[in-house]
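What follows is a short report on a single structure.
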Amino acid sequence: MTPPLPATVRREPGIGGADLLIVETPGSTARIHTYGAHVVSWVPRGAADVLWLSPLADSPPGAAIRGGIPLCFPWFGPHPTGGGAAHGFARVSVWRLVEAASAAASASAPDGDLGAADGGHAADDVALTLELTEQDVDPTLATAWPHPFTARLRVVVGRRLTLSLTVTNTGDHPITVSEALHTYLAVGDVRRAEVRGLEGTVHVDAADGGARRTLPGPVAIEGETDRVYLGTTAPVHVVEPGRPTVSVAKSGSGSTVVWNPGPERAAAMRDLPDDAWTSMLCVETANALDDALRLAPGETHTMTTRISAAGEA
């Protein structure tokens, strides 16, 4: 049964007959599709949208939405054995809304270490919780990862945007999970932006054959960039002259992914304008590659990302 919606949330038709949930709080507004449990917009009060969404993101059922915050689960990147679509089935499945309430009154799990560290949320923040189990997944997709599970995404909308992905192994055997909150951030010109906070961290460079490197300075984008930074829990900051700094803090995550398609790959993508690569930058909270999770039967894990603008981490 669909829970009642508070006055701050309204429902509109979304992708493939699923719902689009529009949240309006004093601190910000957000738009969330139940298709993919996909946040496609977060606009702090008096500011521009922090998230980037492709103008070609028509997203027919079965295709992922290009932009916003896609959920990569239960695997990140290519399927481990080549038997399933990239980044898993969560982002192309319809999730069920199970709770919509003020963040303070929400019965859902807290936002990992981040929620405890900052004393919780403002009284007028709104929390939505969406759920996906193996029974909600198209059987043709589930065959690539045939394990019982419960995944819950808790989205808290306020002067910051917080997403917590909680995964429980409900089966009788251990499972391996890799995951990411694949956040597309809007930038003025990615060639003028830099990502700070990953200096000195080992990364796997997928754009250069999987080479492992450590760089001393901030991340600069000059072309195709596809890096998984391993063993890092640090917050990162996207800094660009003339624009508010966007900070991405996290907990329950060992990896940070930085991705931009660059001009040549962008030109080959159906749902991305050729020149759009300069206006977006992905900074992803993840558990990928070496940081993939091993969950015992009954074990639960929560990964949280918290996004804030103008340097308010």
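The values are calculated or read from the model by the stated rules, or taken from the named source; none is laboratory data. Every value quoted in this text rests on a predicted model; they were computed, and no experiment measured them. All Cβ positions, glycine included, derive from the backbone under ideal geometry; neighbour counts span all protein chains shown. Calculation scope for accessible area: heavy atoms of the full protein, side chains included, ligands and nucleic acids excluded. Shrake-Rupley method; radii C 1.70, N 1.55, O 1.52, S 1.80 Å.
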For the range 254-274, state whether one or more residues are free of Cβ contacts under 8 Å to residues at least 12 places away in the same chain and of a type in the set (D, E, K, R).
yes
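Yes or no, residue by residue, for (1) at pLDDT below 95; (2) touching a helix residue (DSSP H, G or I) at 6+ places or on another chain (Cβ under 9 Å); (3) of a type in the set (Asp, Glu); (4) farther than 18 Å from GLY67 by Cα:
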| residue | (1), (2), (3), (4) |
| --- | --- |
| PRO3 | yes, no, no, yes |
| GLY17 | yes, no, no, yes |
| ILE22 | no, no, no, no |
| THR25 | no, no, no, yes |
| ALA30 | no, no, no, no |
| HIS33 | no, yes, no, no |
| GLY36 | no, yes, no, no |
| VAL39 | no, no, no, no |
Please determine, by comparing only the residues of the range 136-165 that are assigned to a strand (DSSP E or B) and open to solvent by 30 Å² or more (accessible area, probe 1.4 Å), which one is farthest from SER41 (Cα to Cα).
THR150
Across the range 212-265, what is the total count of residues that are under 13 Å from VAL202 (Cβ atoms) and assigned to a strand (DSSP E or B)?
8
Could you check PRO110 against (1) farther than 30 Å from ASP226 by Cβ; (2) of a type outside the set (D, E, K, R); (3) at pLDDT 75 or above and say which number it fails?
(3)
Farther than 24 Å from THR285 by Cβ, among the aliphatic types (A, V, I, L, M) and open to solvent by 10 Å² or more (accessible area, probe 1.4 Å): does that describe LEU5?
yes
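To keep it simple, each residue is scored yes or no on (1) under 17 Å from the mean Cα position of the chain (by Cα); (2) farther than 20 Å from SER251 by Cβ; (3) at pLDDT 95 or above.
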| position | (1), (2), (3) |
| --- | --- |
| VAL155 | yes, no, yes |
| SER178 | yes, no, yes |
| GLY200 | no, yes, yes |
| ALA207 | no, yes, no |
| PRO218 | no, yes, yes |
| ILE221 | no, yes, yes |
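State whether the residues of the range 183-196 include one that is free of Cβ contacts under 8 Å to residues at least 60 places away in the same chain, among the acidic types (Asp, Glu) and more than 21 Å from ALA249 (Cβ to Cβ).
Checked against the condition, which is being free of Cβ contacts under 8 Å to residues at least 60 places away in the same chain, among the acidic types (Asp, Glu) and more than 21 Å from ALA249 (Cβ to Cβ), the range 183-196 yields no hits at all.
Residues of the range 272-286 being part of a helix (DSSP H, G or I) and under 19 Å from the mean Cα position of the chain (by Cα), which ones?
TRP277, SER279 - these are the residues of the range 272-286 that are part of a helix (DSSP H, G or I) and under 19 Å from the mean Cα position of the chain (by Cα).
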Among the candidates VAL23, VAL43, VAL39, single out the residue that is open to solvent by 10 Å² or more (accessible area, probe 1.4 Å), of a type outside the set (D, E, K, R) and part of a strand (DSSP E or B).
VAL43
Which of the residues belonging to the range 166-176 are buried (at least 22 other Cβ atoms within 10 Å of the Cβ) and within 30 Å of SER102 (Cβ to Cβ)?
VAL167
What number goes with the only condition from (1) more than 20 Å from ASP111 (Cβ to Cβ); (2) open to solvent by less than 10 Å² (accessible area, probe 1.4 Å) that THR285 does not pass?
(1)
Condition broken by LYS250, with the remaining ones in (1) basic (Lys, Arg); (2) within 20 Å of LEU114 (Cβ to Cβ); (3) open to solvent by 30 Å² or more (accessible area, probe 1.4 Å) satisfied:
(3)
